[in-house]
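Asker: Take a look at this one; I'll ask things after.
Taken together, the values in this text are just the output of simple stated rules run on the coordinates, not laboratory data. Predicted model only: the values in this text are computed from it and were never measured. Cβ placement follows ideal geometry from the backbone for every residue including glycine, while neighbour counts extend to all protein chains displayed.
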Amino acid sequence: MAAVADAWRALVDWYFALPPVVLVPLAGLLKVLAVFGWIVLNVLILIWLERKFSGRMQSRLGPMRVGRPHGWAQTIADTIKLLVKEDVIPRGVDRWLYVIAPAVVFTPALLVWAVVPFTRNWIVSDLNVALVYVAAAGSLAVLGIFMSGWGSNNKWSLLGAMRAAAQIISYEVPSVLSLMGVVMIAGSLSLQGIVAAQHRVWFIFLQPLGFIIYLIATLAELNRTPFDLTEAESELVAGFNTEYSGLRWAFFFLGEYANLLAASAIAATVFLGGWSGPFLPGIVWFVLKTYFFVILIMWIKWTMPRIRIDQMMEVGWKFLIPAALVNIAITGLVLLVV
Amino acid sequence: MAELNDLRLATGGEKPELRDVVTKDVGEEEILVSMGPQHPATHGVLRVVLKLSGETIVDAYPDIGYLHRGVEKIAEGWTYPQFVPMTDRLDYVAAMSNELAYVLAVERLMNIEVPPRAAYIRVIMAELQRIASHLVWLGAFGTDMGAVTLFLYCFREREKIIELFEMASGARLTYSYMRIGGVRNDLPDGFVEKARDFVKLMRQRLKEYDDLFTGNRIFEARTKGIGPLTAEQAIALSATGPTLRGSGVAYDVRRAEPYLIYDQLDFEVPVGKNGDTYDRYLCRMKEMRESLKIIEQCLDALPGGEVMAKVPKVIKPPAGEVYSLTEAPRGALGVYLVSDGSANPYRLHWRAPTFANLQIVRETTRGFKIADAVAVIGSVDIVLGEVDR
């Protein structure tokens, strides 16, 4: 035991003794790897959870066979299956767009994690404009979706991509506006600052309207039912990823769940006080709150029918944006008076 | 754009009407999309050629024939009883109703009177089948709307009906239970009790579906006012079943030309008002409740006695013809039989209700969105085995 501890201490000493020109990039790389590992681990759990949860809702069991108990290894088996599948690039696709689109969809979900505080000290970078950064990074995914839809050279994909563009652009606005109330109260755009501002009361209680708007807009940005129009299976076959298979398709899947996790983490941080909480360590609170949102979003997904594209635009522009503006005005008035 | 719009037709371009109507005059900003035959929302191998302007449908042409097996011709080479199993493979979601339509036609041709117990059993089976068929429709319709969970619930209840059918006939999908002159065997022990339990359970579950789906704001927004069909249009297209009744025409073969014991039973014929997708949906939901009522009455009044009439060993109907109409779950199912006095039918024609009902897709989807076309096709409740025959 002592030998291991000594070796570890030696390693740490060696690490911090490195010259800054090596240390800074190495630290960055290690953080990226840690975040990537965290995402992949969670996506594996999320996919399994979604299957079990939907199974529970639909009075069936979900995966049971691969790995006991309760098919815990099902996702791993599926991942291996997708990895060894033939890499099909259909004739007639726009090769460049087709090949890099899955990576472009996945990257924003990775970027968001750079500013999410896991605990008081665990954070890649406590950016002072973190919320703006989150909004900017989150809206990049639509580029990848549009690239895949256009590059596939398939009419269903193109329709899905056009829907995605319309959807994400119009729901980005209420999503950002709904967070403004929180920023006004907290007086900070940094996520650590927002967590600190919630030490007495969570913002979900101070900003209920903002929370509801954020939740709806997030569902739309995540392409989750009732807003899963971009891949609406019964309408567009599979939407933007119709022509994808194997590992490239898996990247879309990974991106979808990574985005779900990132959005849940942001919601937990902004509205539920993030890692702060009594008794338990911060990381436990953070994971619990994040998974609360994950479950909430899954619950909605497996209950609701799908809304139509024009109705969705109506909800966005005619209801959510005015409501978000009203929320900002009310927040401002209250802050002025108090 | 012209290259993009070069859609090959299933029949090698031999359908002049489709080619003219849909593929000609494609505007500068319009695209042709082939929805099906491999598409999740077309319930089998239906293909709809869509002419789209953005997401808006300019024209939609249902292209059928991918499941054609020449069943009507096959019938001419087979004896009358041999054809009963084949009827199961037409509308495979409602096999009992198909058998009933066929054996009724033969019986009418031969003037066979069915024993009362057999008539009651047939009605019970036909109405159970109606519920099972509507459950499949409801589940598929929910999936079309993006509500996947409902599908599992519907199939859970349908399983109970299939268990009942399995008790009686030994089969789960293709029953061959109806025979010319009656039914294959009497109801097994415990069937009546199990059927009663099902009726009770189903009433609760229908309430559950209403809670989950009927009052849902999104569902109403997706169906109300979508694909409206006027009563005149519906009659002109010879639509039948819930597709017709949704438009407000109270035509039900069970009432209009009663067969078996339907004239002695107390049930209502639900009709809609606006003829939109929502009304067609409501009609079917109410029909399931009426079917439960009919099953309950039949179970209460089930008489004893034989389940098969005296029929000759070799069925040779006298020369002549008959057109026999029954109310299948999807609409009026007609069987036209011509006999030349031999043991094989001279000609059999199957008036499939969904063949006619499918025609409303083109009339009702113009100007709506792709998502609405999916809803309309779902609300028509097609089974391609029957459309193509």
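Asker: Could you run the Debye sum over the Cα atoms of region A:55-212, one equal point scatterer each and no solvent, and tell me log10 of I(q)/I(0) at q = 0.20 Å⁻¹, two decimals?
Answerer: After summing over all Cα pairs, the log10 values are -1.12.
Asker: 222 nm [θ] for the protein assembly as shown, helices only, -39500 (n - 2.57) per DSSP H run of 4+, per residue, to 500?
Answerer: Helices in the protein assembly as shown give a 222 nm mean residue ellipticity of -17500 deg cm²/dmol.
Asker: How much length, in nm to one decimal, is gained on full extension between A:ARG95 and A:LEU29, taken as 0.36 nm per residue of separation minus their Cα-Cα distance?
Answerer: Residue separation times 0.36 nm, minus the Cα-Cα distance, leaves 20.8 nm.
Asker: Another question about this same structure. Starting from the Cα of A:ALA329, step 7 Å along the direction of its Cβ; do the same at B:LEU173; then give the gap between the two resulting points in nm.
Answerer: Inter-label distance under the simple model: 6.0 nm.
Asker: Can you give the FRET efficiency to the nearest 0.05 for A:ARG68 and B:LYS273, using r as the Cβ-Cβ distance and R₀ = 45 Å?
Answerer: The computed FRET efficiency comes out at 0.25.
Asker: A follow-up question, please. Quick one: grab the alpha carbon gyration tensor of region B:166-205, order the square roots of its eigenvalues as a ≥ b ≥ c, and give me rounded if a/c is under 1.5, else prolate or oblate depending on whether a/b is larger than b/c.
Answerer: prolate
Asker: While we're on this one: Rounded if a/c is under 1.5, else prolate if a/b is larger than b/c, else oblate: which is region A:257-338, with a ≥ b ≥ c the root eigenvalues of its Cα gyration tensor?
Answerer: oblate
Asker: Which shape class, rounded, prolate or oblate, goes with chain B when its Cα gyration tensor gives a ≥ b ≥ c as root eigenvalues, a/c under 1.5 marks rounded, and past that a/b bigger than b/c marks prolate? Numbers along the way, then the final one.
Answerer: Numbers: a/c = 2.16, a/b = 1.39, b/c = 1.55.
Taking the square roots of the gyration eigenvalues as a ≥ b ≥ c, chain B is oblate.
Asker: Still on this structure, please answer the following. With N set to the number of residues, divide the alpha-carbon radius of gyration of region A:1-84 by 2.2 N^0.38 Å and report two decimals.
Answerer: Computed over Cα atoms of region A:1-84, the ratio equals 1.70.
Asker: Given a Förster radius of 51 Å and the C-beta distance between B:TYR346 and B:THR214 as r, what FRET efficiency does 1/(1 + (r/R0)^6) yield to the nearest 0.05?
Answerer: About 0.60, to the nearest 0.05.
Asker: Here's another thing I want to ask about it. Treating each Cα of the protein assembly as shown as an identical point scatterer and ignoring solvent, apply the Debye formula and state log10 I(q)/I(0) at q = 0.07, 0.08, 0.11 Å⁻¹.
Answerer: Listed by q, the Debye log ratios stand at -0.60, -0.75, -1.19.
Asker: Would you mind getting me the FRET efficiency between B:LYS310 and A:TRP299? Use the beta-carbon distance for r and R0 = 60 Å, nearest 0.05.
Answerer: On the way: r = 61 Å, r/R0 = 1.02.
According to the calculation, E is roughly 0.50.
Asker: If contacts are Cα pairs under 8 angstrom and at least 6 residues apart, what is the relative contact order of chain A in percent?
Answerer: It rounds to 21 percent for chain A.
Asker: Then there is this: Give me the tail of P(r) for region B:290-375 as a percent: Cα-Cα pairs with distance above 20 Å. Intermediate values should be presented prior to the final figure.
Answerer: Details: 2397 of 3655 pairs.
For region B:290-375, the fraction of Cα-Cα distances above 20 Å is 66 percent.
Asker: Sequence gap at least 6, Cα distance under 8 Å: using those rules, report the relative contact order of region A:1-84 to the nearest whole percent.
Answerer: Worked out over region A:1-84, it gives 14 percent.
Asker: Right, something else. Label A:ALA136 and B:ASP263 with points 7 Å out from Cα along Cα→Cβ: what is the distance between them in nm?
Answerer: Rounded to a tenth, the inter-label distance reads 8.2 nm.
Asker: With a point put 7 Å past each Cα toward its Cβ, work out how far A:ALA3 is from A:PHE292 in nm, to one decimal.
Answerer: With each label placed 7 Å out from Cα toward Cβ, I get 4.7 nm.
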